[in-house]
1. Order of A:Y36, B:Y102 from fewest to most other C-beta atoms within 10 Å?
2. Along the charge dipole of chain B, Cβ charges K/R +1 and D/E -1, which of B:L32, B:I79, B:V19 sits furthest on the positive end?
3. Excluding B:T110 itself, what net charge comes from residues whose Cβ is under 11 Å from its Cβ, given Lys and Arg +1 and Asp and Glu -1?
4. Which of the lysines could a cross-linker span from A:K58 if the Cα-Cα distance has to be under 25 Å and same-chain partners fewer than 8 positions apart are dropped?
5. Hey, which lysines would be in cross-link range of B:K24, C-alpha to C-alpha under 21 Å, not counting anything within fewer than 8 residues on its own chain?
6. If we restrict to alpha carbons, what Rg and Dmax does the stretch B:21-79 come to, in Å?
Amino acid sequence: AQSVTQLDSQVPVFEEAPVELRCNYSSSVSVYLFWYVQYPNQGLQLLLKYLSGSTLVKGINGFEAEFNKSQTSFHLRKPSVHISDTAEYFCAVTAHASGGSYIPTFGRGTSLIVHP
Amino acid sequence: DAGVIQSPRHEVTEMGQEVTLRCKPISGHDYLFWYRQTMMRGLELLIYFNNNVPIDDSGMPEDRFSAKMPNASFSTLKIQPSEPRDSAVYFCASRSGGNTIYFGEGSWLTVV
């Protein structure tokens, strides 16, 4: 079984400040990791994903995340946020095993609130 | 390319009425998912299909909920009879052989 914990339900930050949204996972097998963003009244869209290779993954809108296997973490970062980054952010994990269906488990979400 | 298309976007109905939510997945995608999102429970997977066949419906809350996928380009989620606690946003999503799931814009359901 796999699980995802997003440690912060809400993260307030001022515009142009850096931000980190935390995500920890648990799984008994290797994983794929994702961050999705949900803007108000919209569906979820992919920000970035880690499948293999470099542990630092760059996504859209200046976001990046680093896979840390020893700490089972996949924290999302942005060096300078904009008002338009205000949204709900979801971390998701998919355990990949031979013959698996790769169904992701989503965290509860972190609400990023950017203040002017 | 068109994304995942859901209808209706908003639905307000009275308790006891039947509700049907519709979804058109991205062409060529072989997995289709139905999720429910609420403040209390977050994002829940209700059911998913692979090649039009329901694979896991363990997330369907009770017998009032049913889902069908008669062909590769259409799926429905039905609630009969609806109750106020069914009020939520229902998302349809689809995926091809890769790992990225593509979500629709959601159907906002309010049962009064």
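1. Result, fewest neighbours first: B:Y102, A:Y36.
2. B:L32
3. -3
4. Leaving aside lysines fewer than 8 places away in the same chain, those within reach of A:K58 are A:K49, A:K69, A:K78.
5. Those lysines meeting the cut-off are B:K68, B:K78.
6. Calculated on Cα positions, Rg and Dmax stand at 11.3, 34 Å.
Laboratory data are not the source of any read-out in this text; all were calculated from the coordinates shown. Everything quoted here is computed from the prediction, not taken from an experiment. Note: ideal-geometry Cβ built from the backbone for every residue, glycine included; neighbour counts use all protein chains shown.
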